[in-house]
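The structure appears right after this line, and notes come after that.
The numbers here are math on the coordinates, done by the rules we state, and not lab data. The shown structure was predicted, so the numbers you read here are calculated from the model rather than taken from an experiment. We place every Cβ from the backbone using ideal geometry, glycine too, and count neighbours over all the protein chains shown.
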Ligand code: FAD
Ligand code: ZN
């Protein structure tokens, strides 16, 4: 087990010597941003934040940690939603931020691959791909600051999973510093490699509990020849599921995004952004934002058919990039608009796509029954069966009192998702926030296998302790 006393000053000096003057932060003000999570749920402490410049320095840091029995908290862009990158309060863990490791090592449009260091910001990888006329499809609202090491460690999802898969399905190979400091060079550019256990998968979604990802080779795709964005109004969520099937059938593999939005979300967006306009003359209860790699004719035909089948009530197809961007802004503004409205109890559940309407109906009843006046404002990636079933405090209620009820509601929502063969964490991971939920909902045999893998790779328990397991 990690030492629970403070770290000795001579050991701190050895850490500083490994990374050099540019690579460590000790000043309280400068450290502050590394010690709190994005949602302000956890405040940690650490004597030193290390910012290594290369894999060798990461390896030397980890070797020293193994020797001195010091726990490590890897950190990327620190945008995670579950407190996975925040150290404990005791001040006996070292934060290793990958920020300075942001080089693109290789890019090849013929192989359709890019190899990058773990600290590369997601948007920079997208731009590098575009510079050789390729697409790196992973896309989420935090893309301007999250890093690929964090994306892989949380197996991030986002808005293009429907067509391209989550972070896991975009990885070809990894370079990882193992808990004893050894560097595993698993960087491959291969689409096919059936040589036993696929070891990279262990580190993807591990949230830093099995090693530090220092680089990754990733898949690139051709850029879509045509893109069409539509915003539609629906009678109910069941219509969204029907429309999804219709869109997929008509566009072949070309439906890249299919997002669900409850009207309550748009009301909050309009309350905050008076510059944004409702795409329709009158309000509707449910909406979908759809993006297809298809031409306007196909989109018009699908939506026309859906209109005749009475699945959709109204629709706009963007005729310009600016109009498409405005439609996207409605979706992307939701999380911020919810925060703006007060306390928010968040969920990130998934169920089989066909069961989303039943999930929404049952979870809404559970929320209404638990807190009178609660504002049910779900949205999310319905194409993946992933709903952010978010609940905003009743108007005028005390924020803290509302948030105190989080657990009461969470259990009900997670039980409903589980009952529908779903997951209590679809894309945000576990971190420290959902660790108890993992114990509650994972099958005992699954959790036992996870514990055995952890013990085999990290017998000293120094890699991000207290997270996930
Ligand atoms: P961090 O928050 O720094 O770390 C996350 C976890 O990974 C921690 O456990 C950390 O220890 C570990 N870690 C980080 N880097 C490494 C490494 N190199 N090696 C080993 N472990 C490491 N998530 C989605 O899935 N879909 C979304 O649509 C989405 N939208 C978001 C929108 C906003 C506005 C925000 C703020 C967040 C959103 N997220 C979303 C959550 C978050 O952005 C993702 O989980 C992201 O992948 C985290 O990356 P990061 O670099 O910020 O990681
Ligand atoms: Zn999401």
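Things worth noting here:
- P(r) tail for region 54-181: Cα pairs beyond 23 Å make up 34% of the total.
- Cα Rg, Dmax (largest Cα-Cα span) when computed across region 206-279, Å: 18.5, 48
- Computed from Cα positions, the angle between helix 122-131 and the longest principal axis of the chain comes to roughly 70 degrees.
- Cα gyration tensor, region 289-338 - rounded (a/c under 1.5), prolate or oblate: oblate
- For the Cα trace of region 289-444, dividing Rg by the Kirkwood Rh returns an Rg/Rh value of 1.02.
- For region 1-114, the Cα-based Rg and Dmax, in that order, read 15.3, 53 Å.
- Three-way shape call for region 134-223 based on the alpha-carbon gyration tensor, with the a/c threshold at 1.5: oblate
- Normalised by 2.2 N^0.38 Å, where N is the number of residues, the alpha-carbon radius of gyration of region 96-150 equals 1.07.
- With Rh defined as the Kirkwood radius, the inverse of the mean 1/r over Cα pairs, the Rg/Rh of the chain is 0.98.
- DSSP-defined beta bridges in region 36-152 - what % are antiparallel, rounded to 5: 45
- Length-normalised contact order for region 358-469 - Cα pairs under 8 Å, 6+ apart - percent: 20
- Degrees separating the helix 321-332 axis from the principal Cα axis of the chain, which is the longest one: 70
- Global geometry of region 344-404, whether rounded, prolate or oblate, following the gyration tensor of its Cα atoms and the 1.5 cut on a/c: prolate
- Backbone N within region 306-347 under 15 Å of label point (7 Å from residue 401 Cα along the Cβ vector): 343
- Of all DSSP beta bridges in the chain, antiparallel share, percent nearest 5: 85
- Percent RCO, i.e. relative contact order, over the chain, from Cα pairs under 8 Å lying at least 6 residues apart: 15
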